[in-house]
Amino acid sequence: MAGYHPHRLSSLADRGRESPLVLHAQKAQLQFSDTPPKTPKIESILAHELVQEIGDLYISLSRLALTSLAPSPEVNSLLTRLVELCIEPRRGEVVNHVFQLKGTWTTLFCKLRSLCATAECELENHWAQQILNSRHGSSALSSEPKALLHSFPYYQNYLDLSRLECSTLEGFLLAHPIDSRPSPSRIAFIGSGPLPLTSFCMLNRYPKASVHNIDRDIDALRVSWELTMMLGYGERMTFEGRDVSSEKSCGELVEGHGEIADWSKFDVVFLAALVGMDSQSKIEILASLGKKLSPGTLVIARSAHGLREVLYPALELSEELHRIGFKILVVVHPWTKVVNSVIVLRVKGT
């Protein structure tokens, strides 16, 4: 799923792994008390059917999480169905009714989002290792690294999302006096993970740009660094281990390479979809960034809209963003297979 770039989640191995007794209790909780009336409207019927199917998917994924959510036919099938349910265009009345059902957020959607994040971490790690293993001939797939990268299940989704983001942000970049296309030179991507597909897409689109990848999972960054060197992007990518949600976090270089971020020098900063698992966490991270970034810096925050919030947390647009020093420039909500919304912010001048 495009944009599933989880900023490394703590206690990843334990996330979603609950006992059978807990799962049984959760299943009971999914029998919502807000049942349709005797003569329900069609919107109410559709909403209840949708939530019930999402609940069944949650229970199935929770059971699998007791062992592993690594890629498998069953895991892949469940996640594919979940994404299909969440991106299918629906009447606003149906979506609103889903959100009004008692317990859908606290009992179901928030926990399901964590399971999806775990599964996506597993998926990225799996494919990154497949590509790295191909250099030793130990991968079961094609031995050509870039062919393996392009065969990643959601490669086209990442490509489409990156094109959407770049086309949107270019409308707010200053045009270069020589190049016809506006281009950033220094990009930071927060929450890049072990498979930095978005960073690769940025480098392909902007030949003169460099990308600084930041993640709090240093092991994921080491995998990412190896992959970057193998695919030939090493000269234009740097890596730093840092938890941007903590003011006390200090940068850590990967394999002794790269540099500690000088936030004032970035033209564009990307915030991965799961950097901050709710709107308030995202705003706190943005507030911290706003104090470090130069006025005029563009920030692209991945968000979600409608039922896609089952998969990703949304960044709520409010006066709070203005208060912490950002101007909201544009919001894009795709109706395609691209799951994430795109929010472009600009750091206000002092």
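Sorted by accessible area with a 1.4 angstrom probe, largest first, how do Trp335, Trp225, Trp127 fall?
Sorted descending by solvent-accessible area, the residues read Trp335, Trp225, Trp127.
Output needed for region 228-350: three equivalent-ellipsoid semi-axes, defined as square roots of 5 times the C-alpha gyration tensor eigenvalues, in descending order, whole Å.
One finds semi-axes of 25, 19, 14 Å for region 228-350.
Round to the nearest 0.05 the FRET efficiency obtained for Ser72 and Glu49 when R0 = 35 Å and r is the Cβ-Cβ distance.
E between Ser72 and Glu49, to the nearest 0.05, is 0.80.
Greater than 27 Å separation of Cα atoms is the criterion. Which listed pairs, Lys102/Lys282; Lys102/Lys327; Lys41/Lys111, meet it? Mind showing how you got there, number by number?
Numbers: Lys102/Lys282 25 Å; Lys102/Lys327 35 Å; Lys41/Lys111 29 Å.
Over 27 Å Cα-Cα: Lys102/Lys327; Lys41/Lys111.
Heavy atoms only, 1.4 Å probe, whole protein assembly: order Met277, Met202 by accessible area, highest first.
From most exposed to least exposed: Met277, Met202.
Would you mind calculating the gained length between Ile218 and Glu316 on full extension (0.36 nm times residue separation, minus the Cα-Cα distance), in nm to one decimal? Walk me through the numbers on the way to the answer.
Working: separation 98, 0.36 × 98 = 35.28 nm, distance 2.95 nm.
Extending this stretch completely gives an extra 32.3 nm.
Any idea how far apart Arg186 and Ser246 come out in nm if each label point goes 7 Å out from Cα toward Cβ?
If labels sit at Arg186 and Ser246, their model points lie 2.6 nm apart.
Which aspartates and glutamates, if any, have their Cα less than 15 Å from the Cα of Lys348, not counting same-chain residues under 8 positions apart?
Within the straight-line limit of under 15 Å, Lys348 reaches these aspartates and glutamates: Asp267, Glu319, Glu320.
Once phi is turned into θ = phi - 60°, what whole-Hz ³J(HN,Hα) does the Karplus curve with 6.51, -1.76 and 1.60 give for every residue of region 108-121, x standing for Gly and Pro?
With the stated coefficients, region 108-121 comes to 10, 5, 5, 5, 5, 4, 5, 5, 5, 4, 4, 4, 5, 4 Hz.
State the Kirkwood hydrodynamic radius of region 267-326 in Å, one decimal place, computed from all pairs of distinct Cα atoms.
11.9 Å
The values are calculated or read from the model by the stated rules, or taken from the named source; none is laboratory data. Keep in mind the model is a prediction, meaning the values are calculated, not measured. Positions of Cβ are generated from backbone atoms using ideal geometry, with glycine treated the same way; all protein chains shown enter the neighbour counts. Areas reflect the complete protein model, heavy atoms only, side chains present, ligands, DNA and RNA absent. Shrake-Rupley method; radii C 1.70, N 1.55, O 1.52, S 1.80 Å.
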